1. Give just the number: which of (1) assigned to a loop (DSSP other than H, G, I, E, B); (2) in the same structural domain as residue 147 (by TED's automatic domain parsing); (3) aliphatic (A, V, I, L, M) does residue 304 not satisfy?
2. Name the pairs whose Cβ atoms lie under 6 Å apart, with the first residue in the range 231-253 and within 21 Å of residue 97 (Cβ to Cβ) and at pLDDT 90 or above, the second of a type in the set (Val, Ile, Thr) and in a helix (DSSP H, G or I), and 6 or more positions between them or separate chains?
3. Does residue 260 satisfy being in the same structural domain as residue 98 (by TED's automatic domain parsing), of a type in the set (Asp, Glu) and exposed (fewer than 14 other Cβ atoms within 10 Å of the Cβ)?
4. Within the range 279-295, is even one residue modelled with pLDDT under 90, assigned to a loop (DSSP other than H, G, I, E, B) and not assigned by TED's automatic domain parsing to the domain that holds residue 139?
5. Determine whether residue 89 is modelled with pLDDT under 90, loosely packed, with under 15 Cβ neighbours inside 10 Å, under 25 Å from residue 208 (Cβ atoms) and over 13 Å from the mean Cα position of the chain (by Cα).
6. Looking at (1) in contact with a helix residue (DSSP H, G or I) (Cβ under 9 Å, 6 or more places away or on another chain); (2) at pLDDT 85 or above; (3) among the hydroxyl-bearing types (Ser, Thr, Tyr), which one does residue 207 not meet, given that it meets all the others?
7. Using the structure shown, decide if residue 260 is of a type in the set (Asp, Glu), in contact with a helix residue (DSSP H, G or I) (Cβ under 8 Å, 6 or more places away or on another chain) and in a helix (DSSP H, G or I).
8. How do the pairs read when you match residues in the range 72-97 that are over 12 Å from residue 252 (Cα atoms) with residues anywhere that are of a type in the set (Gly, Ala, Ser) and modelled with pLDDT of 70 or more, using Cβ under 7 Å and keeping only pairs 6 or more apart or on different chains?
Amino acid sequence: MQEAQTWRELLGNIIRDPQEKQRLADELQVGPITLVRWVNGQVKPRPQKLQELMNALPQHRQVLLKLIGEEFQDFISALEEMSEDTSQEIPSAFYARVLSAYSTTPRLLRSSSISSLILQQALAHLDPNRQGMSITVVLCSTPKPGDKVRSLRETLGRGTFPWKSHLENQVRLLGYESLAGYAVTTFRFVVNQNIKEGQTFFPVLRTEHEESAAACPLLQANRVAGCLLVASNKVNYFTPARQSLIQNYANLLVLVCEPEDFYDQQSIELGIMPSLEAQQPHFAHFQQHVTDLMVRTAAEEHPMTRMQAELEIWQQLEEEFLRLSGQSKG
């Protein structure tokens, strides 16, 4: 297919598919005929509708932004203005929703379901124009009795394009080499506004799409459970208003952490974890290892629950990663 020269031509190519045409009409709350009029140049859409069009077509966002900007010179500045208009307050109705879920959700499901609820709200609040963001809950890895916390584990994540919407499959362990590790170790909110070129006094671990990042520790008094890790594919994205908002959502996430999830500063001694590429092969058969361990312990008349078996496998992986980095104490 020949490359579109205007945003109207690109939209025309897209809505040749009747199902996609109807989906866009529904999402933008306009009639299908309106989309045709945009394509034919009969109607000039309002900036808000153009923004919604880009949000509805994340895979074409960058091209649309360029082509729309060529026709409407003031569109990009208007978009930046809308992007900066971020309220620092979490809506009171959302607090009520979280508290209601906390009261009614069974304990075993409480952490994952409420964390997911909070991440979805935070993502929509921090990236309303879907410019590209990931937001992840990172928790301290449970150590063996008598040991210190040696790593952090990404547990739940949400994203907007170019990240995937659900990030749970991109599991990894983090250590002191990461922004999250530095935030948890120092009990400090840390921000890197330009990961590629910025000069900072704390560790830099850049992943795909990531241009700036912020990590806010999950604190309860003088103990920490992990952090809220937010990344953007824009440099200098974390304005003071957005930093304040991240702090507010981190405070809300503390609600779903159990007392045993928190550790004092003396109990944390993070190691250096291998790269994500080096870690990935070890996760390929994670659930099979868990099942094998459950079968073996049951045969030995010391049966484990799946949660107990998963914890032991995570601890084995952590030890292996520390060994790969030359930091194993064993």
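The values are calculated or read from the model by the stated rules, or taken from the named source; none is laboratory data. Everything numeric in this text was worked out from a predicted model, so none of it was measured. Counting neighbours? That spans all protein chains shown, and the Cβs are built from the backbone with ideal geometry, glycine included.
1. Every listed condition holds for residue 304 apart from (2).
2. Partner pairs satisfying both residue conditions: 252/118; 253/118.
3. Values: in the same structural domain as residue 98 (by TED's automatic domain parsing): yes; of a type in the set (Asp, Glu): yes; exposed (fewer than 14 other Cβ atoms within 10 Å of the Cβ): yes.
Here the answer is yes, as residue 260 does meet what is asked.
4. Yes, some residue in the range 279-295 is modelled with pLDDT under 90, assigned to a loop (DSSP other than H, G, I, E, B) and not assigned by TED's automatic domain parsing to the domain that holds residue 139.
5. For residue 89, the condition - modelled with pLDDT under 90, loosely packed, with under 15 Cβ neighbours inside 10 Å, under 25 Å from residue 208 (Cβ atoms) and over 13 Å from the mean Cα position of the chain (by Cα) - is not met.
6. (2)
7. No, not satisfied.
8. Short answer, once both residue conditions are applied: 75/69; 76/69; 86/241; 88/241; 88/244.
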